[in-house]
Each structure stands twice: as C-alpha cells, then as structure tokens.
Amino acid sequence: MADCEQLRQHYEAHALGALEGEERVELDAHLARGCPVCTAEMERARWLVAQLAYLAPEAEPSGRLRRKLLEAVGGQRALERRAWIPAWAWAGAVALVLLTVFSVREARRVQGELAALQEQVRAAREQNRALESDRQLYQRALAILSAAGTREVALKPGQAPLPEVHAYWNAELGLVVSGHHIPTPAADRAWQLWVVPKKGKPISAGIFRPGTEGQVLFLPQLEARMADAAALAISEEPAAGSPQPTTTPLWVGPVS
Amino acid sequence: MDQLVRRVPEALGVLYDRHARAVYSLVLRIAQQAASAEEIVQDVFLQVWRNAHLYQPSRGPVEPWLFTLARNRALDQMRLKREKQRRREETLESQPLACAAPNPELLVDRQRRAERVRSLIGSLPVPQRKAIELAFFEGMTHSEIAKALQEPLGTVKSWIRTGLLRLREALEEA
Ligand SMILES: [Zn+2]
C-alpha cells in the first residue's frame, strides 16, 4: 500500500487531470480512505492549478450575457413559484404510486426489508455525524459539483410552491442533492430520495431533512447503480424511511 | 455571498461583475468560440446561483473554485464535441466516397497573482510550458501530452510537476 510520502509527487498532476492509470487509481483509493494529509494537500494543489486560468488571454464577454444570466435567474424564480412538471414526470409518479400498492404476501417480505433498512439508516446517521464534524461534507459536495464529467439532474416539483431540487452525479465521486428553501417535513416524517431504475422498483438512497433555513445538502450512500437509473424522485416518508415509496413523490427528475 | 445564499438576484450581478471576465477568458481559451463560451459561462454562474448555500467565505475564496468549475465544464463540452465529430467522421468514412486556499491568496492580490502566473510560466522552456498548457487547456493526460510533444513520458511528468512547484514558490513569495 502506498503511503503519503510516495503519493505526494502526484498531487499537482492529479489536480490538473493529467494523472492516469495505476498512479491515479492508487491516489484516488488513498483519498477515498479519507487521509487528512493528502486531502489537504490535494486542496492546495487544486488551488494552484486553478491559478493557471490567468494564462488565458484576457477577453470580455458581451453585455448580452450578463442580461441573459440575470433574466434566467429571475425566470427561474418565477418558475419556482409556478411549479411546473412535465408529462413524463407524471407518468413516473403514477408508476411509483402503482408500485406502492402491495399484496399481503409482499407486505410480509417488506417487514424484513424495513428492519434491514432501519439498520442501514442508523449506520448512515452515525457516518453522517462523523462527516459533519469536519469540512469534508462540503468539500465533497463542491468537488462533485465542479468535477469533470458531472451531470446535473433537475428534480421538478409536482406541486406549487415548492422550489426545484438539483442533484449532481459523478461516476467517480458520487451523488450530491442540493436545494434552497425546501420545507421541513413534520417531526415524525422525512424526505426520502429514490433512484428509479429503468426496470424494477425504486431503490432507496436514504432520508434527509433540510437545515434551519431550508437548505439541503445531502450526499447519499448509493446502493443503486446510477448507470441504470431512469429518474430520481423524492417522497415524504416516516422519519426512519420506507422500503418503498408510500406517498406520491413531490419531486421527480430524469437521469439522461 | 451571504446575499447570494438568500437568493437576491442583484448579488449574482455583483459576483458576475467581479469574476465574469476572468472566467470568460478561461472558457474562451478552451472552447475557442465566443458563442459556446458564453453558454458555458452562463451555466457556470447558474450553478453558483443554485448552490450558493454550499459556499462559506471561511471555506476559502470563491474564484479558484469558479475556475475549476468553469474549466471542467468547458473541457466536458469539448470532449462531447470531439466525440460527436469523431462519430460523424466514422459514419462518413463508412459510406463510400464519403478547492483550501493557502496564505498567498491573502497576501498577494489578484492582479499581482495573475502577473506572477504569466511571468513564471512564460519563463519556462517552451516544451515545458507547452506541456502544462496542453494539460490545463486541452485536458490532456500525461501520456497524451508525451505523444503530442513526442517526448518521453517521464520527462513530461517531471516538467509538469517541477513547473507547478516553481509556480507555487513564486505565488507564495510575499
Ligand atoms: Zn495520505
């Protein structure tokens, strides 16, 4: 196993995206184990590499761009108020509702799943507590957002006046769910994220509750394969979560 | 940033005025076309708008992060384009006839930092500078650069590393 001293020669190249093959795999695996030394050094390397942006010849964007951007933001706010949902999302929501109608036999099976899920949730909570004590959670979220190859999933609300929720998926770094002004569910309820596969039933990606000002920053531990996902959905569930959605999802977004 | 978190559109205007030139310059250098560069820049600032709650000033300055986001989005776009182009060419052929900020950021202001980056990288031997530029602006890996420059892989690796370490020294001088 490689140690920090051997890996330090790769920090800058990795921040630059030039590292490849075994060297890259080794450093990534080491970082994934949460080495504080290398994590901090990688942050420094990323800062250094970002400074290379000043090598670009200076250019001026058109005045139109600023107007377009501010219009888009104003328009987004209007959209948040209007709360719009496309036809395909309704189809997805209806499919989910159908899936929540269980036979008695299935209900018994679900009991076992529920116990397993509660155990998972407990483990995830403990893991989250450990993460929250550090800046790691934010750093991971920012890393996912800014990484190469990250794809965005816009989860549209099915009801006024909920705002949109955005998820960002990176094959190597994982998934982050981000939102503003998200309402807080009742004390005994929580939001639950679902990965809806192209075939089969939704798979839980864990539960979350917004912060005091409705901010959501959720990094689920993914059991589901995002490569097979058709959509992400969020429904309101009991505080411990459900094995399958028991309410119509409030947000749905296609994974393209 | 605080106003941005509260979703005051004017706050985005302020952020834009401060950083748009530098972000646009970077994206244009990668994308080469003004129209696609503007689209990418708009997308970058929209992402910031949507995720403003992730930033806390105590977690470091926003600019390096904006650069990282902008660079990766622009390189993603270019890869997508190349992929499309490649596929188009293949179909044609198949037819007959056819970011933690270190202290220097606090010490050295942006203008001086930009000057130091340009002068340090500019002072490197041409092939070494070229290697760093191919990695940063074209998103090439070590072996791709070695091939493009027809230089040994080990040489390319050490050029990039020593070049960046010298840059760090230059930026950390008070
Ligand atoms: Zn380490």
When N counts the residues of region B:101-174, how does its alpha-carbon radius of gyration compare numerically with 2.2 N^0.38 Å, as a ratio? 1.18
Over 25 Å between alpha carbons, listed pairs A:LYS68/A:LYS198; A:LYS199/B:LYS84; A:LYS201/B:LYS84; B:LYS81/B:LYS130; B:LYS84/B:LYS130: A:LYS68/A:LYS198; A:LYS199/B:LYS84; A:LYS201/B:LYS84; B:LYS84/B:LYS130
Residue by residue through B:61-72, how many Cβ atoms from other chains fall within 10 Å of the Cβ on average? 6
Quick one: net charge around B:ALA74, please, counting Lys, Arg +1 and Asp, Glu -1 for every other residue with C-beta under 11 Å from its C-beta. +1
Debye-sum result for region A:2-85 in log10 I(q)/I(0), which assumes one identical scatterer on each alpha carbon, at q = 0.26 Å⁻¹: -1.26
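Read the figures in this text as sums done on the coordinates, not as results from a lab. Model, not experiment: these values are computed from the prediction. With ideal geometry, Cβ positions are generated from the backbone for all residues, glycine too; neighbour counts draw on all protein chains shown.
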